[in-house]
Amino acid sequence: MEPPLIVIDCEITKEINKKFDVAFAGEYCETVGIFLEAWNTNCTNHYSDLLDATISKYTEQLSNTN
């Protein structure tokens, strides 16, 4: 079994002046975690939280890869 595709991204939406920190994973790009913050915060504030959420969800798949 292949490890899941993991994407952690930051998108700023000027229409509502908010920033989304999002983690997508798996074959169908399931949303694993999302944070909504003020647009002027650092994009990397929640990257470790998003990575931790992704790792905890896919622990078995990640440990079974060579």
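Every test in (1) at negative phi; (2) of a type outside the set (S, T, Y); (3) touching a residue at least 24 places away in the same chain (Cβ under 8 Å); (4) in contact with a Leu (Cβ under 8 Å, 6 or more places away or on another chain) is passed by F35 save one, and that test is (3).
For Y28, the requirement of being modelled with pLDDT of 80 or more and out of contact with any Leu (no Cβ under 9 Å at 6 or more places or on another chain) is not met. Against the condition part of a strand (DSSP E or B) and at pLDDT 85 or above, how does V7 come out, does it pass? Answer is no for this residue. Scanning the range 10-43 for residues that are in a loop (DSSP other than H, G, I, E, B) and either touching a Phe, Trp or Tyr at 6+ places or on another chain (Cβ under 7 Å) or surrounded by 11 or more Cβ atoms within 10 Å (Cβ to Cβ) (or both) returns N17, G26, C29, W39, T41, N42, C43. Among the residues of the range 44-56, those that are open to solvent by 40 Å² or more (accessible area, probe 1.4 Å) and part of a loop (DSSP other than H, G, I, E, B) comprise T44, N45.
The values are calculated or read from the model by the stated rules, or taken from the named source; none is laboratory data. Here the structure is a predicted model, which means the values were calculated and not measured. FYI the Cβ positions are ideal-geometry reconstructions off the backbone, even for glycines, and counts take in every protein chain you see. These area figures cover heavy atoms from the full protein model, side chains too; ligands, DNA and RNA do not enter into them. Shrake-Rupley method; radii C 1.70, N 1.55, O 1.52, S 1.80 Å.
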